[in-house]
Each structure stands twice: as structure tokens, then as C-alpha cells.
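Have a look at the structure below, then the notes.
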Amino acid sequence: MPSSPSSSAQAARLAVAARLRELMLDAGLRGGELAARCGWSGAKSSRIINAKTSPSDADIRAWCAACGAEDQAADLIAKNRAADSMYLEWRRMERTGLRQAQESVRPLYERTRAFRAYASWLVPGIVQTRAYTTAILAGIRDRRGLADDVERAADERMDRQHILYQGHHRFALLIEESVLRSGIGGRGVMLEQLRHLLVVGRLPNVSLGVVPMRPDRDKAWPVEGFWIYDQAQVSVELVSGYLTITQPSEIAMYADVFTELSTFAVHGALARALITGAMDALG
């Protein structure tokens, strides 16, 4: 797993900074000399080289021009923009409300064919009931002090669920047993949600596994919830923001963890038994 919430983004920024430093050294320049050619302070060059400051497109063009490497600018700008997009704070994503955040991922869902999701906090959105979704979104609205567009955001999430029943999408879902027993929205909402899991778990394109609570999770302990979209990217929802991972090596790490967790999960009748057990516990 990444060492920090934004480690993928930071690694990408460090790679850009390292390449800029290489260009400077290849040109036989020192930081102060490069700064003078660019019309900057030496402190700015130092911050860029050490990935303390993310350079703008203009900064990269100026740097490459100063080093006689204008042909490198376009590639470095693209890499720098990718680094900036990997980690997105919730306040930026939700600046106009919750619906925008829901709408932003629709194209990703539409084009993905194979979904793998691990849920350690909440039931995955693609199999949530409207009442469960509404309770979650209302909690997010209150926690983050957002505009009240919960109903419209819930509409968008419910509409997105059409991919469960249309097209050639396949879903492998792993849910921690603790998620089944955590109270979201109250008894009635949870009962409805658990009944819904029993229904969608029987769909031919859905594999629903429950990771039971047990004392021997040494090799597959719970981690942050994540989604793997085909082989293209991993998305992780954090307290502070939304992390998008596109580096193949890190995607492989999450895929390996998904496989490890799958070995501890139960499916079919055993999974249904855990779901009905959680329903019985609600009384």
C-alpha cells in the first residue's frame, strides 16, 4: 500500500522534479544560474528541484528553454499535470455540491468492463439502496458544510446503477462483515440495504464476497476501501480527498491485496448467511 494518502501524486511530482534537475545538470548549470536565466529567485528553483513547489506550465517551458531542451517541455508538462490530478481534495471536487462529484465519475463507470471493489467502511455505492445513499450523503454534507443537494446527488448515484443490469459490466465486490453490522441511517435503512445485497448478489455478473470477522487476519488485514477499474486505475476515497492511482506498479499492489482479501472472503450461501446474520442482529 502507498505510504501516505497522496504518495502516488508525490512520487509523480518527485519524478518531474528529478527530470528537471537532470536537464539543469546536463546543461552544465547550477540552481542560481538557471534561476537567473529564468528571471527567478534562487529559492524558487530550489523549491521546484526539491518538489516543494509544483511548477506551472510556463515554469517548465522557461526551465527547458534555459537548458536548451525545449523539446522536453511538452512531455514534462503532461507528466506534471497528471501528478496534480492524482490527488484531489474533497473541497475542490465538491465546491458546487455533492451532485458534481457523483457526475464526475459517470464516464469512468460507463467505460469500465471489469470492476473490483473492496469496502471496509460502507456498502459500495453501486449496490446501495437510495435510503442508504441518502443517509451517507447527508452525513457528508453536514461534516463538510456543503450546499444541500443531497437528493440530486442521490438521483445521480441511483441512475448510475443501470450498469448493473445493462451492457457487459462485471463486478467483483468484497465487503467487510463489519460493514454489514455498522449502523447507517438506522434499523430500517440497514435492513433494506441488507435485503438488497441478497438480491444483487445473485445477479450473474456480480460476485459478492464477505470478509468475515475472525482473529487470524495476519496476511489480509483490513485496509482502506478501493475500486479497481479494469487494469487502468485505482480510486481510493480518503477522509481528506480522492486518490487516483495510474502507476502500473501501484495498481498491481492493489490487485494483489484484492486477491489476498478474496482468499479470506466467503461467497454464495456462506456470504448470504453472514448477511442474514447481520439482519437478525438488527432484530
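Rule-based calculations on the coordinates, nothing more; no lab input. A quick note: this is a predicted structure, and the numbers were derived from the prediction, not measured. Cβ sites come from the backbone with ideal geometry, for glycine too, and all protein chains shown count toward neighbours.
Ranked highest first by the average count of other Cβ atoms within 10 Å around their residues, in what order do 17-28, 116-127 fall? Walk me through the numbers on the way to the answer.
Values: 17-28: 16.3, 116-127: 19.9.
Highest-to-lowest ranking by the protection proxy: 116-127, 17-28.
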| request: Could you pull the Rg and Dmax for the range 161-219, using just the Cα atoms, both in Å? | output: 13.6, 40
| Quick one: Cα convex hull volume of the range 158-269, Å³ per residue? | 143
| task | Provide the packing ranking of 252-259, 63-70, i.e. peptides ordered by the mean count of other C-beta atoms within 10 Å per residue, highest first. | result | 63-70, 252-259
| Once the principal axes of the Cα atoms of the chain are found, what is the range along each, listed largest first in whole angstroms? | 73, 42, 36
| request: Over the residues of the range 112-194, compute the C-alpha Rg and express it relative to 2.2 N^0.38 Å. | output: 1.14
| Percent of beta bridges antiparallel (DSSP, the chain, rounded to nearest 5) | 55
| request: Could you work out the relative contact order of the range 7-88, using alpha carbon pairs under 8 angstrom and six or more residues apart, expressed as a whole percent? | output: 41
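Multiply the residue separation of Leu14 and Ala74 by 0.36 nm, subtract the distance between their alpha-carbon atoms, and state the gained length in nm to one decimal.
Numbers: separation 60, 0.36 × 60 = 21.60 nm, distance 1.74 nm.
Length gained between Leu14 and Ala74: 19.9 nm.
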| note | In the chain, taking the dipole from +1 charges on Lys and Arg beta carbons and -1 charges on Asp and Glu beta carbons about the Cα centre, the listed residue (Pro55, Ile175, Ala12) farthest towards the positive end is Ile175
| message | Using helices alone, I'd like the mean residue ellipticity at 222 nm for the chain: each DSSP H run of four-plus residues gives -39500 (n - 2.57), total over residue count, nearest 500. | response | -16500 deg cm²/dmol
| message | Under the rule of at least 5 residues apart or a separate chain, name every residue whose amide H is placed under 5 Å from the amide H of Leu146. | response | none
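Only Cα pairs under 8 Å and at least 6 apart count here; give the relative contact order of the chain as a rounded whole percent. Display every interim value, and only then the final one.
Values: 383 pairs, mean separation 56.4, N = 283.
For the chain, the relative contact order is 20 percent.
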| note | Using alpha-carbon coordinates alone, the radius of gyration and Dmax of the range 7-88 in Å work out to 11.7, 37
| query | Where q = 0.23, 0.26, 0.27, 0.33 Å⁻¹, what log10 of I(q)/I(0) comes from the Debye formula for the range 104-148, counting one point per Cα? | reply | -0.99, -1.06, -1.07, -1.11
| Spatial separation of Cα centroids for the range 102-139 and the range 160-225, in angstrom | 11
